[in-house]
Amino acid sequence: MSLEFEYYVICIVAGLYTAVSRYITVRFGNQQKMEEIKRRMDALTREYKKASSEKNDAEMRRIEKEQQKILPEMMGQSLGQIKPLIIIFPLIILLSAALKAQFPDFAITLPFSLPIIVQNLDKFPNWRDTFGAYGWFWVSVIFISMASQLLVSAAKKFNEKPKGGVIGK
């Protein structure tokens, strides 16, 4: 197999992994519920600061009770964020083994170095310009994930409707 073919296969696998892991995270992670709980907690924190500055002890106690009610819900949602990992971790293990076995001689050298977080913690960060199949897979996942997140954010902004008023005023 040619280096170019291997490069594209690894990039496609990284793109598919990114899409699948994003789907699993959204499907099983329930990020919207966590964001709603965070908004409620932030609102209570603002109310508490206001009540504290006004020295309103009764309001402060009421807010503390509401916060105590939200904490178990927040803990449950936090643990729910771990659910996607039950699927994603085995997928990572399978992909790493498959890529290393399928492309044992793959090596790509970039014209620049990238900081690598895990490798040698004595010299952090480690800068590398050469990657094997597994390393290139992760470099591709990072860049594809960033690009897809930018696209999703741009699409959300584009699709948002202006709230009242006329655009440009």
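Here is a check on your reading of the model: is F28 touching a Lys or Arg at 6+ places or on another chain (Cβ under 8 Å) and under 30 Å from G135 (Cβ atoms)? Answer is yes for this residue.
Within the stretch 76-111, being over 19 Å from the mean Cα position of the chain (by Cα) and charged (D, E, K, R) holds for K100, D105.
So is Q102 within 20 Å of F137 (Cβ to Cβ) and open to solvent by 40 Å² or more (accessible area, probe 1.4 Å) or not? Taking the combined requirement at face value, the residue satisfies it. Considering the stretch 20-50, and only residues there that are among the aliphatic types (A, V, I, L, M) and open to solvent by 60 Å² or more (accessible area, probe 1.4 Å), the residue that is nearest to E64 (Cα to Cα) turns out to be V26.
A Cβ distance below 7 Å, combined with a sequence gap of six or more or placement on separate chains, defines the contacts here; from the stretch 89-115, residues that are of a type in the set (S, T, Y) reach residues that are in a strand (DSSP E or B) in the pairs T109/D129; T109/T130; S113/W127; S113/R128; S113/D129.
The values are calculated or read from the model by the stated rules, or taken from the named source; none is laboratory data. Since we're looking at a predicted model, the values are computed, not measured. Cβ: placed from backbone, ideal geometry, glycine included. Neighbour counts: every protein chain shown. To get the accessible areas, we keep the full protein, side chains included, count just its heavy atoms, and leave off ligands, DNA and RNA. Shrake-Rupley method; radii C 1.70, N 1.55, O 1.52, S 1.80 Å.
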